[in-house]
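Below is one structure, written out as structure tokens; comments come after it.
The values are calculated or read from the model by the stated rules, or taken from the named source; none is laboratory data. If you're wondering where the values come from, they're calculated on a predicted model, not measured in any experiment. Here the Cβ is made from the backbone with ideal geometry for all residues, glycine too, and neighbour counts use every protein chain on show.
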Amino acid sequence: MTDKRHPMSAKMAPHIAFLGAGNMASAMISGLIAEGFSPNQLRASDPSEAALARLQEYGLTRLGTTPDEIFEGADLTVAAVKPQIIPSALASIKGQLGPDSALLSIAAGIPIASLQSHVGPDVSVIRCMPNTPAMIGLGASALFAADTVSASQRSLAEQVTNAAGTTVWVASEALLDAVTAVSGSGPAYFFALIEAIARAGTELGLDEDISMALTIQTALGAAALAQQSGEGVATLRENVTSPGGTTEQALQSLQTSQFDAVVAEAVRQCAARARTLGEEFG
């Protein structure tokens, strides 16, 4: 009988183990099951019994509050824990990761060299920078793989992140700092903009709930239109902006306040902080 965990059969029935069962891991697991993965292919370890109970609802049975034997034979281990506990978490499973296994880390700021030092030289390492909309299946994730990662391991890692949204690959690990600044921290920029627009609406007399509902739906509609339209966002903006009209007046006010420069500086500051944190973790 062929062992399903053997690399020869990994394409048919890969086994994925999650180190951590928080919201992000739960979203990936539910997405994988929705895409056809069997709960028997998925496992997880987390100190929280409540977190594991949520996964039981998806049909997972190989669960534990300690990582004992959970990660043995897994084709891919997803490290879904906070950066500050990565060293101890990976140390607890190091002996279970074989030379044919891969590690996908979604811990922000931990460089591949540091991850490799915790799991040993035989484990292939992939870094991921996701964002919080992944918790509802609308995430944007960027991946970077070390040279030792095989095509099948890359494909499996991409399946995991695609289960929670959209995935892109970047050409160098350093670019993950730019990803952090654009999409990793990006949701907070849009939340701040939503807050500001809704607040301005209430100052103009709208009911607070109505102003927020209109603002959120407008943000949702604009994003969906940008994604689905064949036109670029600049063209879409121009389509809304009639010469001498209300939108033009608003955009001119933003330009006077150096809107583009303010946003660009915020993104640059975020990327710089990401680099600093990476150096500290490294």
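Name, by its number, the condition in (1) under 19 Å from the mean Cα position of the chain (by Cα); (2) of a type in the set (Asp, Glu); (3) not in a helix (DSSP H, G or I) that does not hold for ASP177.
Against the list (1) under 19 Å from the mean Cα position of the chain (by Cα); (2) of a type in the set (Asp, Glu); (3) not in a helix (DSSP H, G or I), ASP177 comes up short only on (3).
Looking at (1) modelled with pLDDT of 95 or more; (2) exposed (fewer than 15 other Cβ atoms within 10 Å of the Cβ); (3) small (Gly, Ala, Ser), which is the one condition that is false for ALA181?
(2)
Considering only region 15-35, how many residues are closer than 21 Å to SER152 by Cα, in a loop (DSSP other than H, G, I, E, B) and at pLDDT 95 or above?
Residues meeting the conditions: 1.
Do you know which of the residues in region 36-56 that are in a helix (DSSP H, G or I) and free of Cβ contacts under 8 Å to residues at least 24 places away in the same chain is nearest to ASP75 (Cα to Cα)?
ASN40
Checking THR166 against (1) surrounded by fewer than 20 Cβ atoms within 10 Å (Cβ to Cβ); (2) not in a strand (DSSP E or B): exactly one of these is not met. Which one?
(2)
State whether one or more residues within region 137-146 are in contact (Cβ under 8 Å) with a residue 40 or more places away in the chain, not aromatic (Phe, Trp, Tyr) and not in a strand (DSSP E or B).
Among the residues of region 137-146, at least one is in contact (Cβ under 8 Å) with a residue 40 or more places away in the chain, not aromatic (Phe, Trp, Tyr) and not in a strand (DSSP E or B), which makes the answer yes.
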